[in-house]
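The values are calculated or read from the model by the stated rules, or taken from the named source; none is laboratory data. Since we're looking at a predicted model, the values are computed, not measured. Cβ placement follows ideal geometry from the backbone for every residue including glycine, while neighbour counts extend to all protein chains displayed.
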Amino acid sequence: MVSIPKGTKDVLPKDSYKWQFIENAAREVAEKFNVKEIRTPVFEHTEVFLRGVGETTDIVNKEMYTFTDKGGRSVTLKPEGTAGVARAFADNGMQSYALPVKLYYITPCFRYERPQAGRLREFHQFGVEILGSSSPVTDAETILLAKEFLEKIGVKNLTLYINSIGCKTCRAEYHKALKEYLKDNYHSLCDLCKDRYEKNPMRILDCKNPGCKSIVAGAPKILDYLCDDCRTHFEKVKRLLTTAGAEYEINPDIVRGLDYYTKTVFEFVSEDIGAQSTVCGGGRYDKLVSEFGGGDVPGIGFAAGLERLILLLENSGAEFPEEKKIKIYLAPMGEEAAEKAFLLTQKLRKAGVIAETDHADRGIKSQFKYADKIGAEYVGVIGSAELSAGAVRLKKMSDGTEREVPFSDLVAVAKMQL
């Protein structure tokens, strides 16, 4: 027997309705905010993620599924959604569209990392990217969209953390201060953080190595180094969130795990799924599109992992909407009855009634057992007597009550009365 690859998971019918519930909620909220769907390839040229995600990130250094195709090109399975959307924006000339362009995606992503609760090597993201606006109004709206989505699917007891990591100008001053703070402990940093020290010292703040975390515990905070423009921007974001009634906490340690972020960054956090507590995160990225030749187009977005959301909802006792049940199972006895049941089943389905009939030439007792297993609310028996009477004998499975319904009335009865 061939087993499933490590870090992947089959979504079986008993669980797929949970995914559909979350995906439908994502689409409904996106529609309210005038956000349109975009679909980008599952794999891209590796350069897309080297430029977009950043060479100093864990994703690029440790986690990407990269391989050489038959044409000798280096390609990578999508480890996150934003870089591909920025590439598509530039590649398709979307800067000529009416701005801002509001986009969302529901996509599989791939990272080679240690599988754990809610985190797999193949996982799925709902993400939103808004491109073409540098306004703090867009920052606040993006955060509120994420908040409404999480509330719509029933996530409770969340904390919203926000921070600003500044722009290129004020980050340069912060990098100097951070390197000065870290220099005495340089030799105690992990090998990756020693490389980050020169290329992007702020990435050290995001390191999961316990030794590095201890070293940066007293590091300077980026909020103390913001330029006037970045400080004004952040103050406006905070004011808009407060005006909209969105509670938040400022967390100066949030830097996010990707190099493309600028100014506003944010996370929604829950402790219900263990140590990996961030269920949704994002931020502004004003220089990403330019990396792909799309001009100086600002952007902001977020992503939420579907697996982690499902785990969070299950652990918190949230109720998923019940899976839709089969309304009627038609149980025929004999070939002529089977044909009649087949035709009635199609009529019921066309009328929007979930219906099923026999596919295995079962006896009537076996059909009742099967109907019970699949959760049918009613079983309609059709035998020779029913064919002669032109009516189905309809039994309610929950209490055993029976009634006769003419074939010609079955659709109407199923839609109006059952």
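If you check residue 6 against the conditions, is it not hydroxyl-bearing (Ser, Thr, Tyr) and not assigned by TED's automatic domain parsing to the domain that holds residue 116?
So residue 6 passes the test.
Is it the case that segment 107-124 has a residue that's in the same structural domain as residue 29 (by TED's automatic domain parsing) and of a type in the set (Gly, Ala, Ser)?
Yes; the residues of segment 107-124 include at least one that is in the same structural domain as residue 29 (by TED's automatic domain parsing) and of a type in the set (Gly, Ala, Ser).
Could you please let me know if residue 235 is modelled with pLDDT of 95 or more, surrounded by fewer than 16 Cβ atoms within 10 Å (Cβ to Cβ), within 28 Å of residue 150 (Cα to Cα) and within 24 Å of the chain's Cα centre (by Cα)?
No, not satisfied.
Can you spot a residue in segment 220-227 that is aliphatic (A, V, I, L, M), surrounded by 12 or more Cβ atoms within 10 Å (Cβ to Cβ) and over 23 Å from residue 264 (Cα atoms)?
no
Go through segment 109-121 and report how many residues are part of a strand (DSSP E or B) and either more than 23 Å from residue 267 (Cβ to Cβ) or modelled with pLDDT under 95 (or both).
Result for segment 109-121: 2.
Please work out if residue 237 is within 21 Å of residue 302 (Cα to Cα), of a type outside the set (Phe, Trp, Tyr) and touching a residue at least 12 places away in the same chain (Cβ under 8 Å).
Against the criterion (within 21 Å of residue 302 (Cα to Cα), of a type outside the set (Phe, Trp, Tyr) and touching a residue at least 12 places away in the same chain (Cβ under 8 Å)), residue 237 qualifies.
Can you go through 141, 151 and tell me which one is without any contact (Cβ under 8 Å) to a residue 24 or more places away in the chain, outside any loop (DSSP other than H, G, I, E, B), of a type outside the set (Val, Ile, Thr) and out of contact with any Phe, Trp or Tyr (no Cβ under 6 Å at 6 or more places or on another chain)?
Answer to the selection: 151.
Taking into account only those residues within segment 61-101 that are touching a Pro at 6+ places or on another chain (Cβ under 8 Å) and not small (Gly, Ala, Ser), which is modelled with the highest pLDDT?
78
In segment 150-168, is there at least one residue being of a type in the set (D, E, K, R), within 25 Å of the chain's Cα centre (by Cα) and at pLDDT 90 or above?
Yes, segment 150-168 contains a residue that is of a type in the set (D, E, K, R), within 25 Å of the chain's Cα centre (by Cα) and at pLDDT 90 or above.
Answer yes if at least one residue in segment 245-261 is surrounded by fewer than 19 Cβ atoms within 10 Å (Cβ to Cβ), of a type in the set (Ser, Thr, Tyr) and modelled with pLDDT under 95, and no otherwise.
no
Keeping to segment 297-344, report how many residues are among the aliphatic types (A, V, I, L, M) and not in a helix (DSSP H, G or I).
Matching residues across segment 297-344 total 10.
Can you report the number of residues in segment 262-286 which are outside any strand (DSSP E or B) and modelled with pLDDT under 90?
Adding up the residues that qualify gives 8.
With the requirement that a residue be of a type in the set (A, V, I, L, M), more than 18 Å from the chain's Cα centre (by Cα) and within 23 Å of residue 37 (Cβ to Cβ), what does segment 289-326 give you?
Those that are of a type in the set (A, V, I, L, M), more than 18 Å from the chain's Cα centre (by Cα) and within 23 Å of residue 37 (Cβ to Cβ): 289, 297.
State which residue pairs qualify: first residue free of Cβ contacts under 8 Å to residues at least 60 places away in the same chain and inside segment 325-352, second residue outside any helix (DSSP H, G or I) and of a type in the set (S, T, N, Q) in any location, beta carbons under 8 Å apart, and separation of 6 or more residues or different chains.
Note: pairs meeting the criteria are 329/357; 331/357; 332/357; 338/357; 341/357; 342/357; 345/357.
Could you identify the single residue in 140, 172 that is outside the structural domain of residue 280 (by TED's automatic domain parsing), farther than 19 Å from residue 22 by Cβ and of a type outside the set (Phe, Trp, Tyr)?
172
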